[in-house]
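Structure, as structure tokens:
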Amino acid sequence: NAGVTQTPKFQVLKTGQSMTLQCAQDMNHEYMSWYRQDPGMGLRLIHYSVGAGITDQGEVPNGYNVSRSTTEDFPLRLLSAAPSQTSVYFCASSPRQGWTEAFFGQGTRLTVV
Amino acid sequence: AQRVTQPEKLLSVFKGAPVELKCNYSYSGSPELFWYVQYSRQRLQLLLRHISRESIKGFTADLNKGETSFHLKKPFAQEEDSAMYYCALLNNAGNMLTFGGGTRLMVKP
């Protein structure tokens with residue numbers, strides 16, 4: 001089991017560019033989510049999904065899109081990157097019975113210049 | 001709205017000293033609370049959850065609904081406890097996990 005896998009690990013974007021952060025899990029978890037981690041602010045929820053075809057907004061959704069076409073994958077799209085989106089992004093998954101234990105990916109460090 | 005507050009960004013103690021990492025929450029329902037830990041160069045991982053009433057690596061945490069707190073405690077800190085600790089709250093619907101700002105614990109030899 002690979003658990004939760006995020007790609008890429010590092011990325012540098014220019015302002016205005018778009019990109020997709022990939023997240024895949026092989027544990028057949030229904031729940032998946034994306035967080036961003038900023039110094040002093042902890043992890044803030046961007047978007048989450050409770051199953052294939054179902055997504056919802058979290059605390060800081062602006063500038064990000066998600067879709068969940070399969071149970072395994074939950075990509076995060078940055079539509080037009082801004083310096084304020086410089087952060088470390090974490091994907092997490094949890095079994096169907098809710099977020100009783102979240103399993104995290106290793107993170108993607110994104111820098112927008 | 002649910003909110004988790006960890007008032008200390010950094011906590012520095014000597015090895016063998018007691019540790020208490022503070023966590024306060026606001027939530028209108030009946031919360032489910034967790035502590036997550038991130039060791040250097042490792043993934044964020046679950047440390048303990050209040051419903052299990054367990055002790056993991058010597059750490060315990062008690063939910064105090066009157067004070068809306070879920071402080072993490074350990075009687076004797078070890079150097080390997082040095083890490084980033086996050087308190088998290090799960091809403092009643094079980095679909096949103098909210099994290100606090102985190103506390104970095106440094107245990108000095």
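Readers should treat all values here as calculations from the given coordinates under stated rules, not as data from a laboratory. Bear in mind the structure is a predicted one, so any value in this text is a computation, not a measurement. Neighbour counts run over all protein chains shown; Cβ positions are idealised from the backbone, glycine included.
With Cα atoms defining each centre, the range A:50-113 and the range B:39-109 are spaced 23 Å apart in the structure. What number in nm² do you get for chain A if you take the convex hull of its Cα atoms and divide its surface by four? That works out to 6.4 nm². Based on alpha-carbon atoms, the Kirkwood radius and the radius of gyration of chain B give Rg/Rh equal to 0.96. Between A:GLN106 and A:THR70, the modelled label-to-label distance comes to 2.1 nm, taking each label 7 Å out from Cα in the direction of the beta carbon. Viscosity 0.692 mPa s, temperature 37 °C: Stokes-Einstein D of the protein assembly as shown from its Kirkwood Cα radius, in µm² per second? Roughly 183 µm²/s, to the nearest whole number.
Between A:PRO8, B:SER26, A:THR111, the Cα set farthest toward the positive side of the dipole of the protein assembly as shown (charges on each charged residue's Cβ, about the Cα centre) is that of A:THR111.
The mean sequence separation of alpha-carbon pairs under 8 Å and at least six residues apart, normalised by the residue count of chain B, gives a relative contact order of 39 percent. Between A:LYS9 and A:ASN62, the contour length at 0.36 nm per residue exceeds the Cα-Cα span by 16.8 nm.
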